[in-house]
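Peer 1: Next up is a structure, given as structure tokens.
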Amino acid sequence: MLSKWGWQLLKLSQKLWVRTSLYTVLALITPGLALLLNDLIPSALGGAIGSDAVEKILTILATSMLTVTTFSLSVMVAAFNAASNGVSPRATRLLMADSTTQNALATFVGTFLYSIVSIILLSTEVYGDGGRVVLFIITIGVILLIVVTMLIWIEHLSSLGRVGETANRVENEAYNAIKRCVHHPWLDANRLQSLAAIPRHATAVCTRQIGYIQHIDVNTINNWAKEHDSQVYICSLPGAFVYKDRPLLWLSGNNKKANQQLLNSFYISDYRSFEQDPRFGMMVLAEIAAKALSPGINDPGTAIEIIGRGLRVLSNWLPENNHNAVKYDRVWAPEVQLNELFDDFFTSIAHHSATNIDVQIRLQKAFLALAGYGPQFKQCAREHSAAALTRAEQAMAYQPDIALLKKLNKQLDE
């Protein structure tokens, strides 16, 4: 599991301005290489390339890259708006962290600044003949980089912000979060069966912050517990909404007074994230289906597709098959429950599709498919199948459709 600093660096690396800044620094440094390598270039070769030739190329690059950057930013904003309106506002965070988009914008901005700095240095005549040759070679390399980036960017634009592509990104994030939970079902700590297992003499630790837990640094918590000869019982997992009266954890042992180091082990933000929170990924998938079923969009085909995506993600939830050794022996943590994942995904879809027979049929077939993954899956599938059927019975007037859904529902008991 990542430490809090590692987590913050990971989130920082996903910011658009970080990658752009790195390219900008590289663009500012690169022209200086021409000055350093000036004496290594033969004078005969240096005289073959005039300053006008390099300056014209750099002027074209500066002008065109400014236009391309402006166009790319407008396309990116349009894609974000399309994803927010047609898919889910929560899904736009994945588009904003898209590496292809960030690389393209960073390359265009970096090339623009490289061209400006190089033109300024050329106008001051600090380059000799050898320096102009090096600058010319570097500029040719920059042009090749731009060509490759633009080809990738053009291909990427064909899917940026589209419902299918955005849903695919959400599915991948939900899948990755599910796999992390399967491999680290209790955050690599001891298993906390329920809150009732917490000792009665334990002391609750709350936070003054109000928001969602994004990350828990279990390693820091375990080190604190060892240092203070205590046991820590985590009761709020990533994705939980916390406030002053909701405990983050409970302390038992010789030291029951938490310090700031212990509180800082919880990264709390204004919104949820996908990395340690599989329930959030399932919820966003359900939001996409609900948006597709709204009267303004009326796209049941997308809802049916999302049900298939959710089925694929949930089929990987088999934490009981994992028997990893306890890494943090002073910490106890609960696990995400399968019924919570079912609630986050199927409840919303069943509610919004109560009048749509096509989506209801797909729901019942999805429950039937998931029931084959084990007793726990079958119990959850039965409960949600019955709930979806009840919603459909109250919303539909055509009896043959209801009879078909009842027939599918009965197959769960066979």
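The values are calculated or read from the model by the stated rules, or taken from the named source; none is laboratory data. In this text the structure is predicted, and so the values were computed from the model without any measurement. Here the Cβ positions follow ideal geometry from the backbone for every residue, glycine too, while neighbour counts run over all protein chains shown. We work out accessible area using only protein heavy atoms, side chains counted, and drop any ligands, DNA or RNA first. Shrake-Rupley method; radii C 1.70, N 1.55, O 1.52, S 1.80 Å.
Peer 1: For residue 166, are the conditions met, namely being among the polar types (S, T, N, Q), touching a Leu at 6+ places or on another chain (Cβ under 9 Å) and modelled with pLDDT of 90 or more?
Peer 2: Against the criterion (among the polar types (S, T, N, Q), touching a Leu at 6+ places or on another chain (Cβ under 9 Å) and modelled with pLDDT of 90 or more), residue 166 does not qualify.
Peer 1: Test of understanding: among 280, 345, 274, which residue is part of a helix (DSSP H, G or I) and closer than 30 Å to residue 219 by Cα?
Peer 2: The match here is 280.
Peer 1: Next question, about the same structure. Which one of these is open to solvent by 20 Å² or more (accessible area, probe 1.4 Å), out of contact with any Cys (no Cβ under 8 Å at 6 or more places or on another chain) and more than 20 Å from residue 176 (Cβ to Cβ): 295, 334?
Peer 2: When all the criteria are applied, what remains is 295.
Peer 1: Failed condition for residue 326, given (1) under 30 Å from residue 266 (Cα atoms); (2) β-branched (Val, Ile, Thr); (3) more than 29 Å from the chain's Cα centre (by Cα), with all others met?
Peer 2: (3)
Peer 1: Anything in segment 191-240 that is among the aromatic types (Phe, Trp, Tyr) and over 22 Å from the mean Cα position of the chain (by Cα)? List them, or say none.
Peer 2: Residues satisfying the conditions are 224, 233.
Peer 1: Now a separate question. For segment 98-135, give me the residue count where each residue is buried (at least 17 other Cβ atoms within 10 Å of the Cβ) and either closer than 17 Å to residue 69 by Cα or within 25 Å of the chain's Cα centre (by Cα) (or both).
Peer 2: Within segment 98-135, residues that are buried (at least 17 other Cβ atoms within 10 Å of the Cβ) and either closer than 17 Å to residue 69 by Cα or within 25 Å of the chain's Cα centre (by Cα) (or both) number 17.
Peer 1: For residues that are closer than 16 Å to residue 182 by Cβ and part of a loop (DSSP other than H, G, I, E, B), tally how many sit in segment 348-383.
Peer 2: Adding up the residues that qualify gives 1.
Peer 1: Can you list residue pairs whose Cβ atoms sit under 7 Å apart, with the first residue in segment 243-266 being in contact (Cβ under 8 Å) with a residue 60 or more places away in the chain and the second being crowded, with 18+ Cβ neighbours inside 10 Å and in a loop (DSSP other than H, G, I, E, B)? Count only pairs 6 or more apart in sequence or on different chains.
Peer 2: From residues that are in contact (Cβ under 8 Å) with a residue 60 or more places away in the chain, the pairs are 265/217.
Peer 1: May I ask you to say which residue of 311, 412, 370, 389 is open to solvent by less than 50 Å² (accessible area, probe 1.4 Å), of a type in the set (A, V, I, L, M, F, W, C) and modelled with pLDDT under 90?
Peer 2: Criteria check complete, one pass: 412.
Peer 1: Given the criteria within 21 Å of the chain's Cα centre (by Cα) and either under 17 Å from residue 344 (Cβ atoms) or modelled with pLDDT of 90 or more (or both), does residue 243 qualify?
Peer 2: Spelling it out, it is not the case that residue 243 is within 21 Å of the chain's Cα centre (by Cα) and either under 17 Å from residue 344 (Cβ atoms) or modelled with pLDDT of 90 or more (or both).
The rows are residues; the columns are (1) at positive phi; (2) touching a Lys or Arg at 6+ places or on another chain (Cβ under 7 Å).
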residue: 180; (1), (2): no, no
residue: 188; (1), (2): yes, yes
residue: 191; (1), (2): no, no
residue: 199; (1), (2): no, no
residue: 208; (1), (2): no, yes
residue: 213; (1), (2): no, no
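Peer 1: Let me ask you something else. Taking segment 1-42 as the search range and keeping residues that are at pLDDT 70 or above and among the β-branched types (Val, Ile, Thr), which one is nearest to residue 139 (Cα to Cα)?
Peer 2: 30
Peer 1: Just checking, which of 314, 363 is farther than 24 Å from residue 297 by Cβ and either touching a helix residue (DSSP H, G or I) at 6+ places or on another chain (Cβ under 9 Å) or without any contact (Cβ under 8 Å) to a residue 60 or more places away in the chain (or both)?
Peer 2: Among 314, 363, only 314 is farther than 24 Å from residue 297 by Cβ and either touching a helix residue (DSSP H, G or I) at 6+ places or on another chain (Cβ under 9 Å) or without any contact (Cβ under 8 Å) to a residue 60 or more places away in the chain (or both).
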